[in-house]
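> This is the structure I want to talk about, given as structure tokens.
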Amino acid sequence: MAIALQSTIGGPSQRTLVMRYLRRNKSLAVGLIIVIFLLVFSIGGSLVMDTGKLAYPLAVAPLQPPGGEYPLGTDKDGRDLLAVMIRGVLLTGAIGVMAGTVGIVVGVVLGFLAGYFGGAFDMVVRWVTEVLLTIPGLILLIIIAGTIVDKNQVSVFTMAAVTSILAWVGPTRVVRAQVLTMKERTFVSIAKLSGMGNMEIIFKELMPNMLPFLVASFVAQVMGAIYASFGLEALGLGPAREPTIGMTIRWAVFHSAMFNQWWWWLLWPVVAMVLIFASLSLINVGLDEVANPRVRRTE
């Protein structure tokens, strides 16, 4: 008992182990730092500035260069670009999180049911996913978004709904393949012999083992949804009234900001876009070590 107590007291804490892991997994650490910065910038900025007013047209003097009263300048429509960036990062992130959540939830449900139970349902799910994977996703989303008659009615929720239409296809296919492999392992057979039901095996045995992989898949779906929303917004199919990052770039290009030497109008949303994609990409790479046993290392 004395030895065990000494081991418990002398062993590193959970916080210490996490910090050691982040120091070793630099991709994950840097990605998390950028995400935390963006969250503090957008959420904290919303508490300090009246983004509900300043991020929309006719709020301030137009085309003011950065400095003084307007640190990031203003655009041609009379919007404070600092407020636009604060609100834009928040709205763009919301689109990605909502669409990614829908995609991963639907993908997990279909993937687990198809992979574990098999049969006709598995055949239908596999056929549908294989067909949809052969169709260029962005083109299909452009067609769907283009069917919206009144473009002024497009909102952030509409964008999230459109980008989530195909977000479930990839997770469904990958989760199904993982479940097909895992359900043949010994621990599943032991669980069946112990009297556990099918749903109990799925939630208590299979899903916990796939949790790191599911988290990595969620990050990938968020990144894919944001990428799709940028593509739609660049074509003018986004929420025209909302200051998302993609729509800000769209209006800057539409009004030839660089040609007219309004460089700040295009610079800040491009920087925000790079930070968003860089953070999610680094987190995805960092999570690969957690989700992939082949590259996982012990502390």
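A short reminder: the numbers here are calculations on the coordinates, not readings from a lab. Predicted model only: the values in this text are computed from it and were never measured. Glycine gets a Cβ as well: all are built from the backbone with ideal geometry, and neighbour counts include every protein chain shown.
> I want to check a number: in the chain, how many lysine pairs have alpha carbons closer than 16 Å, given a sequence separation of 8 or more or different chains?
Lysine pairs, 8 or more places apart or on different chains, close enough: 4.
> May I ask which residue of Val175, Val219, Phe203 lies farthest towards the positive end of the charge dipole of the range 173-232, with charges of +1 (Lys, Arg) and -1 (Asp, Glu) on Cβ and the Cα centre as origin?
Val175
> Moving to a separate point now. What does the helix-only formula give at 222 nm for the chain: each DSSP H stretch with n ≥ 4 adding -39500 (n - 2.57), the total divided by the residues, and the result rounded to the nearest 500 deg cm²/dmol?
Counting only the DSSP helices, I get -22000 deg cm²/dmol.
> To one decimal place, what orientation-averaged projected area in nm² is obtained for the convex hull of the Cα set of the chain?
The directionally averaged projection comes out at 21.4 nm².
> Let me ask something additional. How large is the dipole of the chain about the Cα centre if only Lys and Arg carry +1 and Asp and Glu carry -1, each at its Cβ, rounded to the nearest 20 debye?
780 debye
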